[in-house]
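Asker: To start, I am sharing the structure in question, which I have written as structure tokens.
The values are calculated or read from the model by the stated rules, or taken from the named source; none is laboratory data. No experiment lies behind these values; they were computed from the predicted model shown. Positions of Cβ are backbone-derived with ideal geometry, glycine not excepted, and every protein chain shown enters the neighbour counts. The area values use the complete protein model at the heavy-atom level, side chains included, leaving out ligands, DNA and RNA. Shrake-Rupley method; radii C 1.70, N 1.55, O 1.52, S 1.80 Å.
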Amino acid sequence: LEQGYSLIIENINNKRNELQVVKELIEKHVEGFIIFSKDPEKSIPSYEFLLKNSTPFVLVDRYTPLFPSNYVGSNNHDGAFASVMHLLELNHTDIAFVSHRINLSSEAERYKGYCDAFARAGLSVNPNYLFKNDNADIERLISYIKTGKITAITVSNDHCALDIMSSLRQAGICIADNVSIVGFDDSDIITQAMIPLTTVKQFFDEIGYSAAKLL
């Protein structure tokens, strides 16, 4: 507002794709974009259109290396690294990583931080301990916990962590007693957790401020 600009927020739904919305906003003389893409790789046509139109844009939270762009996000690698080091300090060595969408840059960086924490501790990562948030993998995770193969879980985001906590509770697994969990985000959604969730904090307001300043 101090710079004489107003803010328009658009949510993409199934009836309108991202590129269509971008074109409509350009016609309304929008001068710049802060974009939180569901899938940055699939958003490349939008980025190409903005570039050809000489319209500045900044990506937040996630990006694609296939289209280098201005980007603002958290230090995902170090956040996940710290969460695993915390669990290792609590004497957990059998730690799972549960991802919601591992193909996203933010989650891939968090998994890299997970792997590097193991390397720092002189331990090997078990590739079988990477799980997706789907029914088959959650059933596999539950069986590993019940047999004592896994004692802790680091999760790619808080929303996913709440899903895991609900599934574990339904399976009769007591969180904290049978398994420890660390999330990522410190978002408002964790107020819905049945027990307090340890999580890595993202400063969403600072990300938004920095993105607007860069734009």
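Asker: Inverting the mean 1/r over all pairs of different Cα atoms, compute the Kirkwood radius of the chain and quote it in Å.
Answerer: 18.9 Å
Asker: Using the 2.2 N^0.38 Å rule of thumb for compact globular proteins, work out how segment 1-81 stacks up: its C-alpha Rg over that value, please.
Answerer: After normalising by residue count via 2.2 N^0.38 Å, the value is 1.17.
Asker: Rounded to the nearest Å, what's the spacing between the alpha carbon centres of segment 134-156 and segment 91-123? Just the number, please.
Answerer: Between the Cα centres of segment 134-156 and segment 91-123 lies a distance of 15 Å.
Asker: Name the most mobile residue of Ser74, Ser99, Ser143, meaning the one with the largest mean-square fluctuation, in a Gaussian network model of the chain with Cα contacts below 10 Å.
Answerer: The residue that fluctuates most here is Ser143.
Asker: Turning to a different aspect of this structure: For Lys23, go through the lysines and keep the ones whose alpha-carbon is under 19 Å away, minus same-chain ones fewer than eight residues off.
Answerer: Reachable lysines: Lys15, Lys38, Lys42, Lys52.
Asker: Roughly how tilted is helix 76-89, in degrees to the nearest 10 and between 0 and 90, from the longest Cα axis of the chain?
Answerer: 10 degrees
Asker: Using the Kirkwood radius built from alpha carbon pairs, what does the Stokes-Einstein equation give as D for segment 79-190 at 25 °C and 0.890 mPa s, in µm² per second?
Answerer: Answer from the Stokes-Einstein relation: 178 µm²/s.
Asker: So, counting K/R as plus one and D/E as minus one, what does the shell of residues with Cβ under 11 Å around Ser74 add up to?
Answerer: -3
Asker: For the chain, the longest stretch holding no GluC sites (Glu not before Pro) located in a DSSP loop with at most 11 other Cβ atoms within 10 Å is which?
Answerer: Longest stretch, sites excluded: 32-215.
Asker: In square angstrom, what is the accessible area per residue of the chain with a 1.4 angstrom probe?
Answerer: 58 Å²
Asker: Are there any trypsin sites (Lys or Arg not before Pro) in segment 1-38 that are in a DSSP loop and have at most 12 other Cβ atoms within 10 Å? List them by number.
Answerer: Here the trypsin sites (Lys or Arg not before Pro) that fit, given the DSSP loop and packing criteria, are Lys15, Lys28, Lys38.
Asker: Related question: In whole percent, how big is the carbon plus sulfur part of the accessible area of segment 70-215, probe 1.4 Å, protein atoms only?
Answerer: 50 percent
Asker: Please list, in chain and number order, the residues 5+ apart from Thr198 or on another chain whose amide H is under 5 Å from its amide H, with Hs placed from the backbone.
Answerer: Gly183
Asker: Also, quick follow-up: Ordered by packing density, taken as the mean number of other Cβ atoms within 10 Å over each peptide's residues, highest first, how do 172-181, 148-157 rank?
Answerer: Descending mean neighbour count gives 148-157, 172-181.
Asker: ³J(HN,Hα) across segment 141-156 via Karplus (A = 6.51, B = -1.76, C = 1.60, θ = phi - 60°), whole Hz, x for Gly/Pro?
Answerer: Rounded to whole hertz, the list is 4, 4, 5, 5, 5, 5, 8, x, 6, 10, 10, 8, 9, 10, 10, 5.
Asker: Let me ask you something else. Ranked by accessible surface with a 1.4 Å probe, highest first, in what order do Leu88, Leu123 come?
Answerer: Largest accessible area first, the residues go Leu123, Leu88.
Asker: How many nm is it between the label spots at Lys213 and Lys23, if each spot is 7 Å from the Cα in line with the beta carbon?
Answerer: 3.6 nm
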